[in-house]
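A.B. asks: One structure, as structure tokens, below. Some questions next.
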Amino acid sequence: MSEVRQIWTAREDSAPMESVESIRAVEGGLEGDRYLTGEGYYSPFDVCEVTFVAWEALTEIRESTGIDLTDGRHRRNVVLEGVDVHDLLDARFRVGEAVFEGTRPRPPCAHVEEVADEEGVTRALAQGRGGICADVVEPGEFRVGDPVEVLGSTEADWDGLASAMGERAER
């Protein structure tokens, strides 16, 4: 079963991430998080409403590099266990009461390494281990331990659309 392992927020750019047991997803992000309030390092140019990373990726980083990012220095909001977060791209998924839509990968940047204050963090989070961005589709509260439920794909079914249009044209 896939579930929420950790939840992290930071009130402003470069502030240490704070661990919370539960949080409310609202239109635009997570209550109290820097990107919702416009205080993030990349605000307003490259904003992810909510970021997700896999616990397994953080474990792999620790085992292969000796860098332990389980203390939130990865700068991602939600750590999920038991799911490849890339499988949530172009999908809607429920966590607690909230529904999210995976929008794009979230590669690491030099700023993450600077704030983490440890050489090699950017490189460690590369290679598909940096997580994903997601938008809040339905607001709601979620907490550590809540399951992750994939609701369906958001990818367009172009073949199905073409087929339906062809059938309609034949009428």
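A.B. asks: DSSP loop (so not H, G, I, E, B), at most 16 other Cβ within 10 Å: list which GluC sites (Glu not before Pro) in segment 1-98 pass both filters.
C.D. replies: Here the GluC sites (Glu not before Pro) that fit, given the DSSP loop and packing criteria, are Glu12, Glu21, Glu27, Glu31, Glu39, Glu97.
A.B. asks: Report in % the part of the accessible area of segment 69-155 that belongs to carbon and sulfur, leaving out ligands and nucleic acids; probe 1.4 Å.
C.D. replies: Its accessible area is 42 percent carbon and sulfur atoms.
A.B. asks: So, one more: Ignoring everything but the protein chains, give the 1.4 Å probe accessible area of Ile67 in square angstrom, nearest 10.
C.D. replies: 10 Å²
A.B. asks: Now for a separate question. Would you please calculate the Kirkwood hydrodynamic radius of segment 1-153 over all C-alpha pairs and express it in Å, rounded to one decimal?
C.D. replies: Result for segment 1-153 stands at 15.0 Å.
A.B. asks: Further question: Hey, rough spin-label estimate for Arg143 and Asp87, points 7 angstrom out along Cα→Cβ, what's it come to in nanometres?
C.D. replies: 2.6 nm
A.B. asks: Counting heavy atoms of the protein chains only and a 1.4 Å probe, report the per residue accessible area for segment 52-94 as a whole number of Å².
C.D. replies: 38 Å²
The values are calculated or read from the model by the stated rules, or taken from the named source; none is laboratory data. Nothing here was measured: the structure is a model prediction, and the numbers come from that model. Cβ sites come from the backbone with ideal geometry, for glycine too, and all protein chains shown count toward neighbours. Calculation scope for accessible area: heavy atoms of the full protein, side chains included, ligands and nucleic acids excluded. Shrake-Rupley method; radii C 1.70, N 1.55, O 1.52, S 1.80 Å.
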